[in-house]
Number of protein chains: 2
Amino acid sequence: MRVLIIVSAIGLAMGISSCNNGIEHHADTAKATTDMIFPKGDKITNDNFRGTAWLNYLVENDSVHNINIGSVTFEPGARTNWHYHKGGQILLVTEGKGSYQERGKSVKIIQEGDIIKCPPNIEHWHGATPTDAMTHIAIGTNTNIGGAVWLEPVTDEQFAHSK
Amino acid sequence: MRVLIIVSAIGLAMGISSCNNGIEHHADTAKATTDMIFPKGDKITNDNFRGTAWLNYLVENDSVHNINIGSVTFEPGARTNWHYHKGGQILLVTEGKGSYQERGKSVKIIQEGDIIKCPPNIEHWHGATPTDAMTHIAIGTNTNIGGAVWLEPVTDEQFAHSK
């Protein structure tokens, strides 16, 4: 079966999951409200994040490509909880300045243009800094193996090293 | 084994393959020469493309994540040859306006913010339009299955429909 799926980022964020017979062009709308290529999406309300963060779920996992893709924006002070990915993850920092830490290592400052490879089952967290916002494209890999496993929050003391 | 690999896009383009003990920060250098998040990289000189195109190879394939990532910039008139991917591909259009066509279907115009899922083994091509440049992040998926298989060039007659 030949399947063409062309969808826009903002379309997905609005719940339009796929389109086989045309293209959803929402880029102009997006540009009208933000300079970002991919709009910041929806405010994250689950307990796996602290502070204010936004998710634009660009590509949902499927059994064909075995990856998922989301653009995540962390306002200053925001971060994920500690977690790991059964199949690994790759981060492409697209805007701003933020933090990345693996368990037992020091906090690394990351910024626009940086790329981070998080191997499977390595406990880590990522987010903004106390004073800077950060946006990254997060690519979950080998999603056929499994997704994120969420752990405890990053404490204020741990986060204070992000500067 | 715990491995942290943080590298910059431009670092990879320059042949710096990985860095386990620090972060390569070349974003400022990149911004000094271009407004793009990821610099356009090196001019593509192989026969799988027509016209002038550029590749910044952001993430090389590895057996851990099973994807590869490149930012590809097509100047007006440039395009890939016809090809297919044994493991599939996902395109994130990050700048400009371009073309995407699957064998037997009409040319689709794609633009900044669009996302294209190319399933495995579907013959297709992508590129600029005759008058517009286009940049996309290309993510090769399931690279453990195999990579791109290159076919014949897109003819000028086929490409003329890209408008």
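Values as computed for the structure displayed
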quantity: Spatial separation of Cα centroids for region B:50-68 and region A:94-163, in angstrom; calculated: 23 Å
quantity: Label spacing, shortest first and in nm, from A:LYS163 to its equivalents in the remaining copies (7 angstrom along Cα→Cβ); calculated: 5.8
quantity: Position B:LYS86, label points 7 Å along Cα→Cβ, spacing to each other copy in nm (shortest first, one decimal); calculated: 2.7
quantity: Estimated vicinal HN-Hα couplings, Hz - region B:94-101 in sequence order (Karplus 6.51, -1.76, 1.60; Gly, Pro = x); calculated: 9, 6, x, 9, x, 10, 8, 9
quantity: Region B:86-154: translational diffusion in µm²/s, Stokes-Einstein, Kirkwood Rh over Cα pairs, 37 °C, 0.692 mPa s; calculated: 264 µm²/s
quantity: Distant-in-sequence amide H partners of B:PHE49 (H built 1.01 Å from N, under 5 Å); calculated: B:ASN81
quantity: J(HN,Hα) series, region B:148-163, from Karplus relation 6.51 cos²θ - 1.76 cosθ + 1.60, nearest Hz, glycine and proline x; calculated: 7, 10, 8, 10, 6, x, 6, 6, 4, 5, 5, 5, 4, 7, 7, 7
quantity: Ascending list, in nanometres, of distances separating the B:ARG103 label from those of the other copies (7 Å, Cα toward Cβ); calculated: 4.8
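Every read-out reported here was derived from the displayed coordinates using simple, explicitly stated rules and does not represent laboratory data. This one's a predicted model, so the numbers in the text were calculated from it and none came from an experiment. FYI the Cβ positions are ideal-geometry reconstructions off the backbone, even for glycines, and counts take in every protein chain you see.
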